[in-house]
Structure formats: C-alpha cells, structure tokens
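The values are calculated or read from the model by the stated rules, or taken from the named source; none is laboratory data. Quick caveat: nothing in here was measured; it's all calculated off a predicted structure. Glycine gets a Cβ as well: all are built from the backbone with ideal geometry, and neighbour counts include every protein chain shown.
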Amino acid sequence: MQELMKAKAQEMLSNGSVTRVLAWKKGDFETNPEPAFFTKHVDDMVYNQYCATNLSNFMVGVEKEEGKTLVFLKPCDTFSFNQLLKENRISRDKAYIIGVGCEGVKVIDEMQETGALLEKCNVCTKIKHMVYDELIGEDVTRRVTDDPLTRFKDIEAIEKMDAGERFAFWQGEFSKCIRCNACRNACPPCGCKKCVFDNDNYDTAQKANVTTFEEQMFHIIRAYHVAGRCTDCGECTRVCPQDIPLHLLNRKFIKDINALYGEFQAGADIETLGPLTDFNIDQDAEPSIVYDRG
Amino acid sequence: MSVGEFKPLVVAFCCNWCSYAGADLAGTSRLQYPAEVKIIKVPCSCRVNPLFVLRAFQKGADGVIICGCHPGDCHYSTGNYYTRRRITLLYSMLDYLGIEKGRTHLEWVSAAEGVKFATVMNKFVEQVYELGENRRLEDWRCKS
Amino acid sequence: MYKIDKDNLPELFKFLTKNGTDVFAPVRKGNQVNFESFTDEVASTLDLDTLKTVRSPKDFVLPQVEHLFDATIENKQIKLETSPLADKPYVIFGVRPCDVKGIEVLDNVYLKDPVDKFYQARRAQGVIISLACTNPQQTCFCKSFNIDAANPQGDIAIWLINDSLNWKSLTDKGANLTTQVKHLLQESSDIDEVEACQKDIQLKIDALPYSRGLPLDKFTPDKLLEIFNDARWDELSKACIACGTCTFICPTCQCYDVKDYDAGKKVKRYRCWDSCMYSDFTLMAHGNSRNTQKERFRQRYMHKLVYHPDKHHGEFSCVGCGRCVNKCPSSLNIVKVIKSFEVDN
C-alpha cells in the first residue's frame, strides 16, 4: 500500500497536477514518522501503523500558498478535513485527497511498541472516508466495534461516581498538566488566530497553571471551544506528554449533545448546522435537566 | 478573608431587556432579595461566555446565576435559544468535573416578573449558603 | 562506598523526611514515572527501573511557577512583600547522569553574575543523588555530549546492582548526607562489582543508534550567521505545531517570563517557564522579533547548539536525554536538526 501511495504521489508531483504532497516522512526509527511536505521526490515517504498525525490540521498552513496539495487521509482524518472545510478554513479545490485504509495506530513509548493501539482506535467506528478524490487500500480498514456507544463507557463510569470522587479524579488528572498547549495546537477545529489563553489583552492569558483553578479553566475552555465541532479524532489525548485522558472531556460534550439535541457527528458532512449554532424552539431541554439527573 | 460567619458572593448575569428590568421591578416593588447578589448587566443572556462563569468563580463568587428572557421573548429573537444549549452543556460539564450542582443556575425572568426575580434569588442564595464556601473552583490568590 | 538494599529505601526516605528534609524520588502513576514528593503512600510505587521521568528534575531547582512578590497599596504607598527564599533542605533521588548535567547547565546560567537569588537559595538546599543508567534506551544520545552514563555526577552517585544500591558520595554535601544516614547503610568495598556494571553500561551505550556520533562539530559559534541563515530551517520547522512540549520537558530549557496577576486586593508578580515555541515569546512593546514559527523553532536550536556554547566555553545546552525525541507530537527533535546539518550546503 505504501508503494502504491508513493507511486501515485510521485506521478502527480511529476506531471504537475499537484504542487506538493502532504504525507508522513521516514524518521530515525521506524516508529517515528513525521508529517512532511514533499515537493520533488517522495522517496522518504512512509505509511505504516505509526503514522498517527492527523494531516488535516496541516492543510490550514498551506491554504494561502499557491497550488494544489495532495494529502493522504485516514478515515477518521477525513472528518476533521470536513469540519475545517465547513468552517471555511481550507478550500476543497486546493486539495487532492487520497483516502488511505487504516489498521489502527500503535502506541509508541521510547520508540518501542507498547502493544496497544491508541485509545480512539479501540473504539473506532469511523471506517469510511467522508471526503476523498481517490481511495487506496481502503479495504484494510477494520471494524472494531459495532456498538457506537462503546466510546462512552469510560464517561458513564465517571458519571456514576459521586461529585467528590469526580472532583478528585479530575484534580489528579489536571494537576499533571504542564500547559505545553500541545492538545490545543494539535486540534484541527481549535483554530483561533489568537487564543484567549495567549492574548495579553485579557487577563485570561496564562503561560503556566499557577493555581488549580487555572488548570481547570484551561481544560474546560479548551474542550468547550470545540464542543459541537470536535470530531473525536483523538489527537489531544495522543499528543499529551503527561497522558491526561483529554478525550474524556470532549466526548462528554459529544455524549451530552447526542442525548439532548440528537445524534450528531462533526465532520460527517459540511452542511448540517453544528449543535451549538442551532436550536430547536420547542424541544431543547432546559439547563435544569443537569440537576434533575440526580 | 476575614474570619467569621460565611457570607457568600453570588454573581447574577442579567440580560438588559427582561431580567435586569425584572430586578428593577423587584426593587421598585420593594421586594426583598439578598444583598449577597451582585448583578452584572449583559445585553443578552447569550452574551455570557463560559469564561464569564468561570472567572466569576475565580474572583471569589460562591454561586453564579444567569437570567434571561423567557424562550420566545428574546429582544434579539433567538439569543436565549443559544444560551439554553450552551449553558446546559457548560453546567453539565461542571457537574462532570465534580463542581457542586447547586452553585450554578439559570432562570428565565421577564421584565414583569419582579416577584419571581426576588423568589429565585432568595432561593438560590439560600442554596449557596447551604453549600458553603466555594472550594472546588477557587483561585487561592484571590482569596488571601 | 556504602550499600543499601533497594527494599530499605523507603526507610531511608522516611528517616530523612522525619528530620525535615523533603525527598523527591521517581514514582509510577499509571503509565508515567515522575519525581514525586516521598510519602508513605507512594512507597510502594517507587520506580528506579524506568529510565526517564517524563518531567525532568529541573522542576525542583527552577519550578514552573515561582512567586516573586506581592504588591499592595497602603496609605497611597505601594508596599512590596517579597516571597521568602527556599529554606527547606531537600534530596532529589535517582537523577540520571544527563539530568545532573542539565542542572549544571542551569547553574551556569542562574548562578553566574547576575546571580538569581531564588535559584541560588533553592539550589543550595538540594542534594542530588544520581543513579547510573543500567538500561539506557534507544532515544538516549548523552554520549554525544560527553556525558558518562556509567559515572553519574551530582552529590552522591548510585549504581543499582541486583536490587542493591552502591552508594558513593562525591561532594561535601553528599558526604554530610551520608553521615546523616550512615546507620541505615552498610560499608562496602565491592569496587569490582561497580566497575563491571560501569563497563556493561558503556557497552550498552556504545551500541545505541544515536551513539554513533552526531555531527556536533558543525555547530560552532564562528559559523553563527551561516547556520542562522541556512535554508534548511524552513523544511525542518514545517511539522512543528508550536506547542511547548519539548521546552517544558527539557532538563535545560531555562527561559522564563515575568507576569503580574491582579488578585483584586493585590498584584502578585510571578515568573513562569516560557517557551520559544510560543507566539508571544519575547514579545516587546514594539512587537515581536520572531514572527513566524520557523524563527521560533530556529531560536530553540540556535540557543542550544550555538548561542549557549558561545557564552559558556563550548558547553552545549542539550544533554541528550532524549525526552523530546520521545514526546514531540510531530516526531521532531534536536537529533533530526543536528543530523540534517551533517552535510554542508
């Protein structure tokens, strides 16, 4: 499959139908390919189960540049691509998308396999490409679970705790945060030019979590700002150097949205209004529903 | 913070068109509501950014209540429909993180509902008294 | 030389904490090992086998956040209340040789004129107990910076052999601590055992993929402009997502920002780590001197490989711990940068 991809990329580069290729490049180890742009030769290109990066995010960077970009997207990455498209942050005609099959992404530590797959891959239901011009090896994509609700299991477990336990759980997680902002920067929909946490014009700007409150504020707001736009691509959890299960925040919003406003999958298409930019006059629940849950 | 009896601080975000007028009416009708409530006027309840709620807690609030026009009565037609969804999700998230539910509230109060405004505030402040000082969403720097 | 059984370590730590010394040691929580303050609860999760903690021991000499002073207004006068200097002794246990060198790099910055008083006070209180790397990992490249993983520096050096720790004090500070805990240690003269262990470590290190020599000789201060203007930075920085992971887990990254926090009744001034990857790094009134990610990315490596050696007698401010190799979300790291300069343009 990698060879097919390379051949196609080389062909399109050579005949000038695209200006650059966005794919993964071989690293020092087999296990650390990096996202890279190729403009002439694609000899160093790789595709294997260590290619974790969601390349959609890098499309924003080349949006203003001349020419078309050939980009390889795994099925779950295409959701992010659609979401960015919907928010007009990238344009469809500047991309040639080749959807590639995915067997799940392996977790690496110290360049060694840990034997596990990324959390998102264990509950993956995104087996179809949502947007593409061409597919390569899409049939390798495996179905992990038939139950789309599997991914909410961990959240239900937390919901079952009492408030004190929940608080202690999250304090334990948030206190690990070093505010490297990797979760924010790796997130495709998280795209403000000047983040509220970087903007010195407000005193919300923080470079470090000085108090436990600032830890909470950052993580609540980070997740909230992408609520209804988060495609659950799992990049935040993957990139966190401190292993904070950030997807548990994003997925809580997804779970609430599904339960209260109807099933919604961000990035499934580019027309449907996002749940927080839409409303239903008669059927929307009142906030008091939170208290009635017991 | 002075040692002594706990006196909470409750921040009420009131929309300019209905709830703030409702508070006014409560005042002119000489209805009593607790002095612990500090009102912040916003153009519409949908102006309340989740950061406002968090920052209120950071700066020392023990409870936050948001008041807006009844659904259907928004001065801007649809503002409070957005509020309804946003704040539901926010409060649900705060609950999920283990913040006491009783510290947050949302109520629709029209310009004619002075009595409702006073009742809601009395009840909410009492609830916050019962919960005691806000510890879980506090910033110690603002307290010493 | 002394010896102590690995199982007796908690006892040693307890003795120290009881006598007013904080002990920080590598503790496992979930998938991660980090230096944590020693308490009875963490005694069972002490982890001396995992090579690298996620965060470096930099945290203890240069904490991420440090309050400098509080400013209040009293009778129309501004009153300043300086934060107290660190005065509690502490021990960092199990620091790897590269991280010891990392602290030395920080010393060279913060203890030189002008001396940073907060740093100085904190540093003076600390005793570093280092631990030889019995099992170095693929991402290690300390050898390139002439750090000997078999001969850890610091105040006390330790070799972990067959579940027993061989203890050797290296400095006066270390000797003092050794005297303090002597009753918990056994005398030992197993030099052979330690030497065998050292040989073994050196062999392992030599076999690592990154030990085959990185072209560090390309980075000399006299080629500053040449390296600075090199076209390769464009390519190298493309994958960078501008997060601060590399800088915050790095044992030598030392930049900080000074900030004020308006706490209502007072203003609290503090400093916190800064990252050259951030868009407001060295932001000044006139604007920013580094407007693109390429410039910020370049700054980090120029600092480590060119500017710092220029000011500190050729000492690189990278110690080859490999944390950035392991943790960068985009698989970028200093090794890739160094290697890409192997061939002259």
Open item on the list: Just checking, does the range C:146-155 include any residue being without any contact (Cβ under 8 Å) to a residue 12 or more places away in the chain and closer than 28 Å to C:Asp217 by Cβ?
Closed with: yes
Task: Boolean, A:Thr231 is assigned to a helix (DSSP H, G or I) and either facing another protein chain (nearest Cβ under 7 Å) or polar (S, T, N, Q) (or both) - done: no
TODO: For the range A:1-27, name all the residues that are touching a residue at least 24 places away in the same chain (Cβ under 8 Å) and assigned to a loop (DSSP other than H, G, I, E, B).
DONE: A:Met1, A:Ser17, A:Val18, A:Thr19
Task: Search result, residues across the range A:17-46 that are basic (Lys, Arg) and more than 11 Å from chain C (Cβ to nearest Cβ) - done: A:Lys40
Open item on the list: I'd like the residue in the range C:290-311 that is surrounded by 17 or more Cβ atoms within 10 Å (Cβ to Cβ) and among the aromatic types (Phe, Trp, Tyr) and, out of all such residues, is nearest to the chain's Cα centre (by Cα).
Closed with: C:Tyr301
Open item on the list: For A:Phe213, only one of the following conditions fails: (1) part of a helix (DSSP H, G or I); (2) within 23 Å of the chain's Cα centre (by Cα). What is its number?
Closed with: (2)
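Looking at C:Gly322, C:Gly314, C:Gly287, which one is at positive phi and buried (at least 22 other Cβ atoms within 10 Å of the Cβ)?
It is C:Gly322.
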Task: Single residue of A:Ala182, A:Ala168, A:Ala205 found to be surrounded by fewer than 21 Cβ atoms within 10 Å (Cβ to Cβ) and at pLDDT 90 or above - done: A:Ala168
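Examine the range C:90-113 for a residue that is farther than 22 Å from C:Leu16 by Cα, acidic (Asp, Glu) and assigned to a loop (DSSP other than H, G, I, E, B), and state whether such a residue exists.
yes
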- [ ] Return a yes/no flag: does the range A:66-89 have any residue that is part of a loop (DSSP other than H, G, I, E, B), surrounded by fewer than 19 Cβ atoms within 10 Å (Cβ to Cβ) and within 11 Å of chain C (Cβ to nearest Cβ).
- [x] no
Open item on the list: One residue is enough: does the range C:70-85 have a residue meeting the conditions under 21 Å from the mean Cα position of the chain (by Cα) and assigned to a strand (DSSP E or B)?
Closed with: no
- [ ] Among the numbered conditions (1) of a type outside the set (Ser, Thr, Tyr); (2) at pLDDT 90 or above; (3) part of a loop (DSSP other than H, G, I, E, B); (4) closer than 25 Å to C:Lys339 by Cβ, tell me where A:Glu30 comes up short.
- [x] (2)
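Rundown of residues vs (1) away from chain B (no Cβ under 14 Å); (2) of a type in the set (Asp, Glu); (3) out of contact with any Gly (no Cβ under 7 Å at 6 or more places or on another chain), yes/no style:
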{"site": "A:Lys126", "(1), (2), (3)": "yes, no, yes"}
{"site": "A:Asp133", "(1), (2), (3)": "yes, yes, yes"}
{"site": "A:Ile136", "(1), (2), (3)": "yes, no, yes"}
{"site": "A:Lys160", "(1), (2), (3)": "no, no, yes"}
{"site": "A:Phe174", "(1), (2), (3)": "no, no, yes"}
{"site": "A:Gly191", "(1), (2), (3)": "yes, no, yes"}
{"site": "A:Ala205", "(1), (2), (3)": "no, no, yes"}
- [ ] Starting from the range A:281-294, keep only residues that are over 11 Å from B:Pro71 (Cβ atoms), then list their pairs with residues that are surrounded by 10 or more Cβ atoms within 10 Å (Cβ to Cβ) and among the hydroxyl-bearing types (Ser, Thr, Tyr) whose Cβ atoms are within a distance under 7 Å, requiring at least 6 positions of separation or different chains.
- [x] A:Ala285/B:Thr88; A:Pro287/B:Thr88; A:Pro287/B:Tyr91; A:Ile289/B:Thr88; A:Val290/B:Thr88; A:Val290/B:Tyr91; A:Val290/B:Ser92
TODO: Could you look through the range C:295-345, keep only residues that are among the basic types (Lys, Arg) and away from chain A (no Cβ under 14 Å), and pick out the one that is farthest from C:Phe248 (Cα to Cα)?
DONE: C:Lys311
Task: Those residues of the range A:243-294 which are within 25 Å of B:Leu97 (Cβ to Cβ), touching a Leu at 6+ places or on another chain (Cβ under 8 Å) and β-branched (Val, Ile, Thr), in sequence order - done: A:Ile257, A:Ile289
Task: Failed item, numbered, when A:Ile257 is tested on (1) within 9 Å of chain B (Cβ to nearest Cβ); (2) under 13 Å from the mean Cα position of the chain (by Cα); (3) hydrophobic (A, V, I, L, M, F, W, C) - done: (2)
Task: Selection count, the range C:59-95, where residues are under 12 Å from C:Gly126 (Cβ atoms), in contact (Cβ under 8 Å) with a residue 60 or more places away in the chain and touching a Phe, Trp or Tyr at 6+ places or on another chain (Cβ under 9 Å) - done: 7
Task: Of all residues making up the range B:105-144, the number that are within 11 Å of another protein chain (Cβ to nearest Cβ) and among the basic types (Lys, Arg) - done: 4
Open item on the list: Tell me yes or no: at least one residue of the range A:83-97 is at pLDDT 90 or above, among the aromatic types (Phe, Trp, Tyr) and in contact with a helix residue (DSSP H, G or I) (Cβ under 6 Å, 6 or more places away or on another chain).
Closed with: no
Open item on the list: Can you list residue pairs whose Cβ atoms sit under 6 Å apart, with the first residue in the range C:186-204 being touching a residue at least 24 places away in the same chain (Cβ under 8 Å) and closer than 10 Å to C:Met1 by Cβ and the second being polar (S, T, N, Q) and buried (at least 16 other Cβ atoms within 10 Å of the Cβ)? Count only pairs 6 or more apart in sequence or on different chains.
Closed with: C:Val194/C:Asn166
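Would you point out which residue out of C:Phe24, C:Phe38, C:Phe13 is more than 21 Å from C:Lys168 (Cα to Cα), crowded, with 20+ Cβ neighbours inside 10 Å and more than 14 Å from chain A (Cβ to nearest Cβ)?
Being more than 21 Å from C:Lys168 (Cα to Cα), crowded, with 20+ Cβ neighbours inside 10 Å and more than 14 Å from chain A (Cβ to nearest Cβ) holds for just one of C:Phe24, C:Phe38, C:Phe13, which is C:Phe38.
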- [ ] Please specify each residue of the range C:220-276 satisfying the condition of being more than 16 Å from C:Gln64 (Cα to Cα), at the interface with chain A (Cβ under 7 Å from one of its Cβ atoms) and charged (D, E, K, R).
- [x] C:Lys238, C:Asp262
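Given the criteria surrounded by fewer than 22 Cβ atoms within 10 Å (Cβ to Cβ), touching a helix residue (DSSP H, G or I) at 6+ places or on another chain (Cβ under 6 Å), touching a residue at least 40 places away in the same chain (Cβ under 8 Å) and within 11 Å of another protein chain (Cβ to nearest Cβ), does B:Gly102 qualify? So that I can check it myself, show each step before the final result.
On the way: surrounded by fewer than 22 Cβ atoms within 10 Å (Cβ to Cβ): yes; touching a helix residue (DSSP H, G or I) at 6+ places or on another chain (Cβ under 6 Å): yes; touching a residue at least 40 places away in the same chain (Cβ under 8 Å): no; within 11 Å of another protein chain (Cβ to nearest Cβ): yes.
Considered against the rule, which asks whether it is surrounded by fewer than 22 Cβ atoms within 10 Å (Cβ to Cβ), touching a helix residue (DSSP H, G or I) at 6+ places or on another chain (Cβ under 6 Å), touching a residue at least 40 places away in the same chain (Cβ under 8 Å) and within 11 Å of another protein chain (Cβ to nearest Cβ), B:Gly102 comes out as no.
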Task: Filter result (under 13 Å from B:Leu137 (Cβ atoms) and surrounded by 20 or more Cβ atoms within 10 Å (Cβ to Cβ)) within the range B:18-67 - done: B:Pro50, B:Val53, B:Leu54, B:Ala56, B:Phe57, B:Gln58, B:Ala61, B:Asp62, B:Gly63, B:Val64
